[in-house]
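Structure first, commentary second.
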Amino acid sequence: DYPKRIFSGIQPTGNLHLGNYLGAIQKWTQLQDNGENVVFSIVDMHAITLTHDPKELYDNVLKMTATLLACGIDPKKSILFQQSTIPMHTQFCWVLACTTTMARLAHLPQYKEKSETLKNVPVSLYIYPILQAADILLYKATHVPVGQDQVQHIQLAQDLAVKFNNTFGDTFPLPRSLVNENASQRIKSLRDPSKKMSKSSNDPKGTLNILDTPDALMKKIKTAVTDCTSKITYEPETRPGVSNLVTIHSMLTGKSPNQICSEVEELDTGKYKLVLADLIIEKLTPIQEEFSRLIKEPAYLQEVLQDGREKAMDIASDCWYEIQHKIGY
Ligand code: ADP
Ligand code: NA
């Protein structure tokens with residue numbers, strides 16, 4: 001029996017949007033605040049898989065650190081560290097790569113999807129899920145909060161844990177995915193509710209960034225696509241635009257969609273957008289203020305990462321010692 005430990009990683013890429021916040025980071029802070037044992041990694045090695053700008057990488061790591069802290073990740077309660085500062089991730093990745101096959105990786109959906117658009121496919125894109133498995137197993141994580149799109153990668157981590165345990169003796173718990181994103185909890189683009197809100201969206205007006213000014217947020221929400229019915233109802237299949245607004249409202253407040261619809265019964269979609277915009281601005285303003293304060297304190301952010309590194313290193317080096325011993329290094 002292994003103690004419960006939650007691991008999650010996030011790439012240090014640009015601005016986060018409200019979908020990232022509601023679908024991932026808000027859940028992380030809730031797990032942390034419920035007293036769970038949590039390890040969060042800013043996965044800068046995953047971020048160089050395709051192309052990247054070396055001048056921006058570390059700035060983005062600090063920016064992500066400031067964002068996570070501003071959103072409520074508390075370095076006293078959680079371990080927050082930069083992946084590349086723990087060399088055992090890559091060392092262990094190699095060991096795991098030696099226990100799996102080309103065939104096992106070839107049909108993973110993210111690889112298939114991304115490699116189709118590339119003329120020259122880097123090896124790193126192919127073995128990306130092995131590095132993810134190394135990230136998770138190195139901390140003997142029992143639970144991994146992920147989106148639906150990552151479930152097959154967690155299954156790979158489970159398979160690699162089983163394979164290692166069977167070959168070299170019991171070492172790893174089987175990590176389970178905590179899928180925090182059932183279909184009804186996916187935030188959609190405000191401009192095209194058939195697509196999810198995403199940083200790579202074609203129409204940036206459909207994406208609410210957590211660092212958008214109140215004016216920008218208000219404008220985007222006012223121009224959100226709805227339909228010709230003015231009543232607020234929650235019918236994701238037939239009224240995806242309005243229902244998306246209700247989903248955002250629901251995830252921000254913890255109220256159920258039905259409760260929200262009955263509370264705003266009197267409002268038409270135009271007035272409802274204003275109410276929702278105020279709520280979003282009220283939620284994001286303190287996060288933005290804290291971010292602005294923290295981003296001016298790079299020395300503090302580095303100290304947080306350094307402290308996180310030490311705590312992560314304690315766990316990772318114990319595990320790596322055990323791995324080396326078992327595989328006969
Ligand atoms: P993006 O699609 O913007 O590139 P990522 O794939 O990097 O976002 O996702 C980072 C995290 O945010 C994941 O845990 C993912 O499940 C969550 N997430 C991303 N988009 C949404 C969304 N529209 N609604 C809910 N959660 C989301
Ligand atoms: Na994505």
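The values are calculated or read from the model by the stated rules, or taken from the named source; none is laboratory data. Please read these numbers as outputs of a predicted model, since none were measured by experiment. Neighbour counts are summed over all protein chains in view; Cβ atoms, including those assigned to glycine, are modelled from backbone coordinates with ideal geometry. The accessibility values were calculated without ligands, DNA or RNA, using every heavy atom of the protein model including side chains. Shrake-Rupley method; radii C 1.70, N 1.55, O 1.52, S 1.80 Å.
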Considering the stretch 298-329 alone, what residues qualify as being of a type in the set (D, E, K, R), touching a residue at least 40 places away in the same chain (Cβ under 8 Å) and closer than 20 Å to residue 81 by Cα?
307, 309, 311
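Rundown of residues vs (1) surrounded by fewer than 20 Cβ atoms within 10 Å (Cβ to Cβ); (2) in contact (Cβ under 8 Å) with a residue 60 or more places away in the chain; (3) out of contact with any Lys or Arg (no Cβ under 6 Å at 6 or more places or on another chain); (4) under 20 Å from residue 132 (Cβ atoms), yes/no style:
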{"position": "55", "(1), (2), (3), (4)": "yes, no, yes, no"}
{"position": "61", "(1), (2), (3), (4)": "no, yes, yes, yes"}
{"position": "64", "(1), (2), (3), (4)": "no, no, yes, yes"}
{"position": "70", "(1), (2), (3), (4)": "no, yes, yes, no"}
Checked the stretch 50-92 for anything polar (S, T, N, Q) and either part of a helix (DSSP H, G or I) or modelled with pLDDT under 95 (or both); matches are 51, 60, 65, 67, 83, 84, 85, 90, 91
What about residue 198, is it under 20 Å from residue 27 (Cα atoms), of a type outside the set (A, V, I, L, M, F, W, C) and within 16 Å of ligand 2 (Cβ to nearest atom)?
yes
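Restricting to helices (runs of 4 or more DSSP H) lying wholly in the stretch 192-291: which have 2 or more residues that are in contact with a helix residue (DSSP H, G or I) (Cβ under 8 Å, 6 or more places away or on another chain), within 16 Å of ligand 1 (Cβ to nearest atom) and touching a residue at least 60 places away in the same chain (Cβ under 8 Å)? I'd like the intermediate steps shown before the answer.
On the way: elements: 214-222, 240-253, 257-263.
Helices (runs of 4 or more DSSP H) meeting the threshold: 240-253.
Have a look at 50, 105, 96, 125 and point out the one that is more than 17 Å from the chain's Cα centre (by Cα), open to solvent by less than 20 Å² (accessible area, probe 1.4 Å) and within 22 Å of residue 14 (Cα to Cα). Talk me through it step by step, then tell me what you get.
Working: 50 fails: open to solvent by less than 20 Å² (accessible area, probe 1.4 Å); 105 fails: within 22 Å of residue 14 (Cα to Cα); 96 fails: within 22 Å of residue 14 (Cα to Cα).
Criteria check complete, one pass: 125.
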